[in-house]
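Please read the structure below before turning to the comments.
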Amino acid sequence: MATWVVGDVQGCFSTFRRLLDRIEFRPERDRLWFAGDLVNRGPDSLGMLRWAYRHRDSIVCVLGNHDLHLLAQREGVIPARRRDTLVPVLAAPDADDLCDWVAGLPFVHREDGFLLVHAGVLPRWDLSDIEAAAGDAKGALAEDRGGFLRALYSVRGDGPRRKKNADEAPGPNGPAGGRHLAGATAASVLTRIRIVDAAGIPSFAFDGVPETIPPGHRPWFESVSLPAGMTVLFGHWAALGLMVSERAVCLDSGCVWNGSLTALRLEDGALMVQPAAEGDGQPL
Ligand SMILES: [Mn+2]
């Protein structure tokens, strides 16, 4: 029995299948955790989603921003973006089953000494804050999918006339989020955070390499309020890439950007790095 954690697949299903072969995954014996963003940008989101749905009893997956993006398109909340590759999923005969499964995924998963989350957490959040935030987001998504997603995209503030730094997490008087403001703000942090300023406020516009982090900002994981011995497993930050430290492990090695897909075995820290298959990675 092994538990492997896989970084952002983003529709790179060919690479994923090669990785599965290499880790000799057996659904009846092993478990697979995903850091979210199963879909979008890569060529076969539908294949990836169908595989995940078929193996749903053997896997754990947390929601990523691209997974929410799929749901938002399904609900008609936002139009497709130029680099989206979600049409085959949206047009599939089993789209309802797949999207309902995605919508039921958690925002965080905690087991033993590990916390799995797509992007990260606020430095000031302790474990109960994190679980409350994830619960707010999941509850809002379950109760009112369209309303929650509309709130999420209004909190994001990145519509067509997006301005730099216009999408920072709002306070109580920030952009309209309606009754889902708390859930939408929490979801935005959990699925999109990379850096925070000196006050611990996320700057969502930044997605570069650590060397280009703006002055006065730092990666969210530099200081966290988690119990000693707990390790956060996350993805989302392809420009950071594979990073393994005692407190935080980034598994997004940029498969969709012609990098690789990485799996980490939780029992012993073994890493398996599978280079992007031809056709999966987009030229940079
Ligand atoms: Mn992401």
Taking protein heavy atoms only, a 1.4 Å probe, and rounding to whole percent, the accessible area of the range 39-99 owed to carbon and sulfur comes out at 45 percent
The correct pair for the range 1-95, radius of gyration to one decimal and Dmax as a whole number, both in Å and from Cα atoms, is 13.4, 43
Once amide hydrogens are built 1.01 Å from N within the peptide plane, the residues lying 5 or more places from Ala248 or on another chain with amide H under 5 Å from its amide H are Val232
Placing one equal point scatterer on each C-alpha of the chain and summing with Debye, one gets log10 I(q)/I(0) at q = 0.12, 0.13, 0.15, 0.16 Å⁻¹ equal to -0.70, -0.84, -1.16, -1.34
Here the relative contact order (percent) of the chain, from C-alpha pairs under 8 Å and at least 6 apart, is 23 percent
Counting only protein heavy atoms and leaving out ligands, DNA and RNA, the solvent-accessible surface of His55 at a 1.4 Å probe, in Å² to the nearest 10, equals 30 Å²
Contour minus Cα-Cα span, Thr3 to Ser225, at 0.36 nm per residue, comes to 77.4 nm
When every protein chain stays in place and a 1.4 Å probe is rolled, Val77, Val62 sorted by accessible area with the largest first are Val77, Val62
In whole Hz, the Karplus estimates of ³J(HN,Hα) for the range 119-129 (6.51, -1.76, 1.60; θ = phi - 60°; x where Gly or Pro) are 10, x, 9, 6, x, 7, 6, 8, 4, 6, 5
With +1 on the Cβ of every Lys and Arg and -1 on the Cβ of every Asp and Glu, the dipole magnitude of the chain about its Cα centre, in debye rounded to the nearest 20, is 720 debye
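When DSSP assigns beta bridges and you keep just the ones with both residues in the range 180-284, what percent turn out antiparallel, to the nearest 5?
Antiparallel bridges: around 75 percent, rounded to the nearest 5.
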Given a 1.4 Å probe, the accessible area of the chain per residue, as a whole number of Å², is 43 Å²
PRE zone check, label point 7 Å out along Cα-to-Cβ of Asp207, amide N under 16 Å, scope the range 262-284, hits 281-284
Between Val39 and residues 5 or more places away or on another chain, the pairs with built amide H atoms under 5 Å apart involve Gln10, Gly11, Asp67
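Rank these by accessible area, largest first, 1.4 Å probe: Asp126, Asp96, Asp112, Asp197.
Numbers: Asp126 60, Asp96 90, Asp112 130, Asp197 40 Å².
Ranking Asp126, Asp96, Asp112, Asp197 by accessible area, largest first, yields Asp112, Asp96, Asp126, Asp197.
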Mean separation of Cα contacts under 8 Å (at least 6 apart) over the residue count of the range 9-123, i.e. the relative contact order in percent, is 28 percent
With R₀ set to 41 angstrom, the calculated FRET efficiency between the beta-carbons of Ala270 and Asp100, to the nearest 0.05, is 0.75
Between Glu28 and Glu131, the two model label points (7 Å from Cα along the beta-carbon direction) sit apart by a distance in nm of 3.5 nm
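The values are calculated or read from the model by the stated rules, or taken from the named source; none is laboratory data. Because the structure is predicted, anything quoted here is derived from the model rather than measured. In this analysis, Cβ positions are derived from the backbone assuming ideal geometry, glycine residues included, and neighbour counts consider all displayed protein chains. For accessibility, only protein heavy atoms count, side chains too; no ligands or nucleic acids. Shrake-Rupley method; radii C 1.70, N 1.55, O 1.52, S 1.80 Å.
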